[in-house]
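K.L.:
Here it is, the structure, as structure tokens.
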Amino acid sequence: MIRKLKTARTSEERRLDDKAVRETVEKILEDIGARGDAAVRELSIKFDGWDRDSFLLTDEEKQACVDELSDRDIADITFAQDQVRNFARIQRESMLDVEVETRPGVVLGHKHIPVNAAGCYVPGGKYPLLASAHMSVITAKVADVGRVATCAPPYKGRPASAIVAAQVLAGADQIFVLGGVQAIGAMAIGTETIAPVDILVGPGNAYVAEAKRQLFGRVGIDLFAGPTETLVIADEAGADPELCATDLLGQAEHGPDSPAILLTTSERLARETMREIDRLLEILPTADHAGAAWRDYGEVIVCETDAEAVAVADEIASEHVQVMTEDPDYYLANMTNYGALFLGARTNVSYGDKVIGTNHTLPTKKAARYTGGLWVGKFLKTCTYQRVLTDEASAEIGSYCSRLCALEGFAGHGEQANIRVRRYGGQNVPYAGAAEPITA
């Protein structure tokens, strides 16, 4: 039996929020499409209080940002980027081009071809989230994308030095100081000074996520990465209230609309964790964001068994799932819907967000039902090719193709096959539609 000790805002309330966001974003994108740079500049001034002659940083400005960081800062960023780059390379090496002779004289294959240009969004309005630069730029570079452009908003009225440095060290080709929907729209649609890209990647708030959704089709996107979600699955053997509360609030601080859910088989752990959350909110420096998120989007769910918890977790399909139970591998073996799993008390979502090497751009709003997170494969197009080596093979495939085209009524398609059967097979086959199709 499933019991909810705390519930979040209703689905109807969230639907109304989504509607307001959708309408706002639609107007902004229309304006960017119509007026280009002028619209982008007005929006940057309106939302970020930021204007300059060019939003593109010069080499001198980029180096100045790098120089502002200490040697320790650079070493830490480099360590994190090494982990991300290493895992991305491992992923890339797992993706092999193939070519195989499937029948005598018939060769099929595929190649993994990188997109020509990627636009990477790095959030930074409330906090300078430099880790998003690692996750997007490095992964694109490992995929061998030709041009990688980045956008990040200004931080406290100027380029965020840590974000810029991370983008430089990651290998970004173009770095724009531009945030929000105006950044997403400029990269996707293109303006007089910002060339359009082929794919948009990176996390962001609800407005950024909605902009990517509306632009999908015009460009590719990685996934719908809206407000951060976290699900902590715990029992008394794997965790304690302090760990659970810390890990829930640690992700809730992303913003006031970030869902944080505790799923447990222990009612005692559930109630003690809620008390611990109340205590921590009295001392946490980011309690204004975390507290609002917990109030409006926090949930506590008690299940009877691990199997029941798996079913609930798969229904939630959370972006992050932290498992602190007696047997975390049970959840690894049985869960199917999640962005990323963090198994055991020794790891946590923050490790994945910042440094451990897996990508932190992950699906939200139940998108984990049909996609995983950002990885090197998102920047690659798997494109097939085919080659017929012999006359005999062309005539054999052609005879099957002709009959199948006749079933569909596609005379022109059928003639593409018939002409090759006549030419390479020596059979006196009539033109498609003129008589009965060929028989074997």
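K.L.:
Can we say residue 29 is within 29 Å of residue 269 (Cα to Cα) and either surrounded by fewer than 14 Cβ atoms within 10 Å (Cβ to Cβ) or not basic (Lys, Arg) (or both)?
P.N.:
No, not satisfied.
K.L.:
Restricting the first residue to region 294-310 and requiring it to be farther than 26 Å from residue 257 by Cβ and in a helix (DSSP H, G or I), which pairs with a second residue that is of a type outside the set (Phe, Trp, Tyr) and at pLDDT below 95 meet a Cβ separation below 8 Å and a spacing of at least six or different chains?
P.N.:
From residues that are farther than 26 Å from residue 257 by Cβ and in a helix (DSSP H, G or I), the pairs are 308/2.
K.L.:
Now a separate question. How about region 241-282: which of its residues are open to solvent by 30 Å² or more (accessible area, probe 1.4 Å), part of a helix (DSSP H, G or I) and either within 14 Å of residue 296 (Cβ to Cβ) or of a type in the set (Ser, Thr, Tyr) (or both)?
P.N.:
246
K.L.:
Under 11 Å from residue 121 (Cβ atoms), touching a residue at least 24 places away in the same chain (Cβ under 8 Å), assigned to a loop (DSSP other than H, G, I, E, B) and open to solvent by 20 Å² or more (accessible area, probe 1.4 Å): which single residue out of 196, 203 fits that description?
P.N.:
Among 196, 203, only 203 is under 11 Å from residue 121 (Cβ atoms), touching a residue at least 24 places away in the same chain (Cβ under 8 Å), assigned to a loop (DSSP other than H, G, I, E, B) and open to solvent by 20 Å² or more (accessible area, probe 1.4 Å).
K.L.:
Then there's this: In region 146-160, is there at least one residue being in contact (Cβ under 8 Å) with a residue 40 or more places away in the chain, among the hydroxyl-bearing types (Ser, Thr, Tyr) and more than 19 Å from residue 359 (Cβ to Cβ)?
P.N.:
The answer is no, given that none of the residues of region 146-160 is in contact (Cβ under 8 Å) with a residue 40 or more places away in the chain, among the hydroxyl-bearing types (Ser, Thr, Tyr) and more than 19 Å from residue 359 (Cβ to Cβ).
K.L.:
Might you let me know whether region 427-438 holds any residue that is modelled with pLDDT of 95 or more, open to solvent by 80 Å² or more (accessible area, probe 1.4 Å) and more than 41 Å from the chain's Cα centre (by Cα)?
P.N.:
no
K.L.:
Oh, and also: List every residue pair whose Cβ atoms lie under 6 Å apart, where the two residues are 6 or more positions apart in sequence or sit on different chains, the first residue falls within region 83-104 and is closer than 9 Å to residue 142 by Cβ, and the second residue, located anywhere, is open to solvent by 90 Å² or more (accessible area, probe 1.4 Å) and of a type in the set (S, T, N, Q).
P.N.:
That search, which allows pairs on different chains as well, returns nothing.
K.L.:
I'd like to check something: does region 113-120 contain any residue that is open to solvent by 50 Å² or more (accessible area, probe 1.4 Å), farther than 30 Å from residue 385 by Cα and either at pLDDT below 95 or of a type outside the set (A, V, I, L, M) (or both)?
P.N.:
So far as region 113-120 goes, no, none of its residues is open to solvent by 50 Å² or more (accessible area, probe 1.4 Å), farther than 30 Å from residue 385 by Cα and either at pLDDT below 95 or of a type outside the set (A, V, I, L, M) (or both).
K.L.:
Where in region 337-426 are there helices (runs of 4 or more DSSP H), lying wholly inside it, with at least 1 residues that are farther than 23 Å from residue 82 by Cβ and of a type outside the set (Val, Ile, Thr)?
P.N.:
391-408, 411-425
The values are calculated or read from the model by the stated rules, or taken from the named source; none is laboratory data. Because the structure is predicted, anything quoted here is derived from the model rather than measured. Glycine also receives a Cβ, built like all others from the backbone with ideal geometry; neighbour counts cover every protein chain displayed. The protein model used for the area step is the full one, side chains on, heavy atoms only, and it has no ligands, DNA or RNA in it. Shrake-Rupley method; radii C 1.70, N 1.55, O 1.52, S 1.80 Å.
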